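What follows is one structure encoded as structure tokens, with my remarks underneath.
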């Protein structure tokens, strides 16, 4: 799992995930673009040094269906994967 998926999985409740998603979705279109992920990562202390190539890989890790955007269902799927890994599901 990538940096972003680790960050996503630390939010356990639906409400927390929805808040995080809304914070990343800068234009409010219910989709997170590569640009929005890049902007969010560049603001994270300790991660702002990551190259565009690494950020693109992080985006592709989150974009489970490969359509070039991340929707809330993909965020929920990452959260479920991490919960299963921790034995919470």
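Between helix 72-85 and the chain, what is the angle of the helix's C-alpha long axis to the longest principal axis, kept within 0 to 90° and rounded to the nearest 10? Relative to the chain, helix 72-85 is tipped by roughly 60 degrees. Once the Cα atoms of helix 52-62 and of the chain are each reduced to a long axis, what angle between those two axes, in degrees from 0 to 90 to the nearest 10, is obtained? Rounded to the nearest ten degrees, it is 30.
Let a ≥ b ≥ c be the square roots of the eigenvalues of the Cα gyration tensor of segment 3-85; is it rounded (a/c under 1.5), or, if not, prolate (a/b larger than b/c) or oblate?
Numbers: a/c = 1.37, a/b = 1.27, b/c = 1.08.
Cα axes put segment 3-85 in the rounded bin.
The order of the peptides 64-75, 39-50 by mean Cβ neighbours within 10 Å, most packed first, is 64-75, 39-50.
Dividing the summed helix terms, -39500 (n - 2.57) for each DSSP H run of n ≥ 4, by the number of residues in the chain produces a 222 nm estimate of -18000 deg cm²/dmol to the nearest 500. When you restrict to C-alpha pairs under 8 Å that are six or more residues apart and normalise by the size of the chain, the relative contact order lands at 37 percent. Here the gap between residue 53 and residue 72, fully extended at 0.36 nm per residue and compared with their Cα-Cα distance, gives a gain of 4.5 nm. How far is helix 14-24 tilted off the main Cα axis of the chain, in degrees rounded to 10, range 0 to 90? Taking the Cα atoms of the chain, the angle to 14-24 is about 0 degrees.
FYI, it's all coordinate maths here, none of it is from the lab. Here the structure is a predicted model, which is why all the values come from computation and not from measurement. Every residue, glycine as well, gets a Cβ built from its backbone with ideal geometry; the counts of neighbours run over all protein chains shown.
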